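Beneath this line is the structure, given in structure tokens, with notes to follow.
The values are calculated or read from the model by the stated rules, or taken from the named source; none is laboratory data. Only a predicted model underlies this, so the values are computations on that prediction, with no experimental measurement involved. Here the Cβ is made from the backbone with ideal geometry for all residues, glycine too, and neighbour counts use every protein chain on show. The accessibility values were calculated without ligands, DNA or RNA, using every heavy atom of the protein model including side chains. Shrake-Rupley method; radii C 1.70, N 1.55, O 1.52, S 1.80 Å.
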Amino acid sequence: MPSEQSILRLSETQGIELKSYSVSLPMGTVAIGVDNIHHDVFLSPKFVQAARDYLLDLIRQHTSTAHSLGMEPRPTRGPDSVAFRKLLSELLQSALTQAKYHKNIEIDLLFRLSLLKFLASEIGNQFANIILEGKEWIRQRGEHFERSQQAHVIKARLSELQASRRKVVRRAGQQVAQILAEVEENSIAKTRRALFGEDFAPYYELCKNRLIFLDGGKDDLFFLENYVLLGNYGRDPDRFEAMDALFQEFLREAGITVSDDPAHKEAVATHTALLGRVQATRNEITNLEEQREATRKRLDRGESFFNKLLSSEDPADLKASLHDLEGRLKHQELKLEELGPQVEDARQKLDFFRKGKASRLGEYLDEPENAQRLFDPKGGPEESAPL
């Protein structure tokens with residue numbers, strides 16, 4: 001059976017130029033907010049309240065069974081998705097109109113990001129309001145009711161509901177994401193292309209990512225259904241950090257490297273030089289300690305009566321030599337203590353550059369086009385194909 005060969009040979013990868021993945025949203029022409037960091041976006045109180053009411057009804061719909069167990073039934077209305085879809089469409093259309101008026105598409109992109117941030121955070125807030133409703137319902141019935149069996153049953157149900165938070169947020173969030181996607185595809189995308197073209201299309205594609213509406217951006221069930229689910233715990237061999245390091249090593253073996261900047265090379269040289277000085281100092285300390293022990297033994301032997309008669313060494317000279325050795329030893333120990341903080345600072349700086357280099361190498365793994373460049377070098381990306 002022939003031995004398996006590596007998919008990528010070094011000679012095949014030398015001519016491949018990978019593209020580094022980097023996302024930087026263009027906001028250079030939009031004014032910075034009052035904190036000189038973020039951009040200020042004002043959402044109308046009418047829309048904010050309407051969105052909160054819809055999200056509350058939507059979450060209550062997904063939690064109605066667990067929430068009503070043990071509690072008095074209350075009249076509820078179903079979420080009006082048609083009205084909410086119409087409201088979103090009008091709002092997105094108005095943002096696009098304002099961007100056209102100012103001839104700046106960044107205004108529309110900033111509004112889209114603000115809308116997503118508001119909706120994603122508000123889903124979690126309304127879920128918390130559902131839990132708070134149950135606790136308030138128990139508290140309003142008095143202290144005697146709080147100690148009753150029914151109250152304990154309701155509290156247990158609320159705990160179960162709290163434990164299923166991620167599932168409820170996922171269901172509500174994906175429903176909101178679906179509404180946004182439908183509004184985008186049916187009307188907004190066509191109008192935006194007519195007004196501004198396709199230049200900003202990749203940024204709006206990012207805004208359609210459904211991961212935005214997950215609870216904290218994490219949901220194992222969603223990842224299992226749509227992506228590759230990796231390990232969650234440090235002991236898992238397939239956790240993200242381990243897999244990322246494995247694929248970075250794969251790139252390095254294939255000949256894909258990231259050049260070191262001058263500051264990185266200087267940090268390596270500084271750290272290496274300091275380690276050399278530390279090792280030399282330790283060797284000197286070891287040598288001085290051996291000389292000190294030998295001098296002490298000679299001095300102890302010279303104190304006896306017969307050694308005083310037979311030995312030609314002067315005890316005073318031995319004591320002076322011992323004193324000199326101890327002084328030199330203290331000097332080297334002090335020097336070693338002073339080198340400790342310098343070595344630690346140099347190590348931290350070197351670790352910073354190494355992590356930055358690993359991050360840049362990892363950016364090659366995040367760019368989908370690089371997969372085609374690596375595994376099909378002759379084909380290349382679609383954009384470089386001949387016309």
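Taking all protein chains together and a 1.4 Å probe, the residues Y101, Y364, Y227 rank Y101, Y227, Y364 from largest to smallest accessible area.
Other residues with beta-carbon under 11 Å from the beta-carbon of G362 carry, at +1 per Lys or Arg and -1 per Asp or Glu, a net charge of -2. Ranked by the mean number of other Cβ atoms within 10 Å of their residues, highest first, the peptides 176-185, 130-139 come out as 176-185, 130-139.
Near F84, once Lys and Arg are set to +1 and Asp and Glu to -1 for all other residues with Cβ below 10 Å from its Cβ, the sum equals -1. Each Lys or Arg adds one and each Asp or Glu subtracts one; over the other residues with Cβ under 14 Å from the Cβ of N226, this totals +1. Amide H contacts for R239 (H built 1.01 Å from N in the peptide plane; partners 5 or more residues away or on another chain; cut-off under 5 Å): G231.
With each label modelled as a point 7 angstrom along the Cα→C-beta vector, the Q291-L246 pair spans 5.5 nm.
Per residue, region 111-160 exposes 55 Å² of solvent-accessible protein surface, assessed with a 1.4 angstrom probe and all protein chains in place. With a Förster radius of 22 Å applied to the beta-carbon distance between V268 and N36, the computed FRET efficiency rounds to 0.05. Rounded to the nearest Hz, the phi-derived 3J(HN,Hα) couplings of region 126-142 under the Karplus curve 6.51 cos²θ - 1.76 cosθ + 1.60 (θ = phi - 60°) are 6, 5, 4, 5, 4, 5, 5, 4, x, 5, 5, 4, 6, 5, 5, 8, x, where x marks glycine and proline.
The modelled label-to-label distance between A189 and D238, using points 7 Å beyond Cα along the C-beta direction, is 3.2 nm.
Once both labels are positioned 7 Å from their Cα atoms along Cα-to-Cβ, the gap between Q98 and K86 label points is 2.2 nm. Backbone N atoms of region 162-197 closer than 17 Å to the 7 Å Cα→Cβ label point of T29 belong to residues 192-197. Here the relative contact order of region 113-213, from alpha carbon pairs under 8 Å that lie six or more residues apart, stands at 39 percent.
Surface composition of region 198-297: carbon and sulfur atoms hold 54% of the protein heavy-atom accessible area at a 1.4 Å probe. Working from the Cα coordinates of region 262-369, the gyration tensor eigenvalues give, after taking √(5λ), semi-axes of 53, 11, 8 Å in decreasing order.
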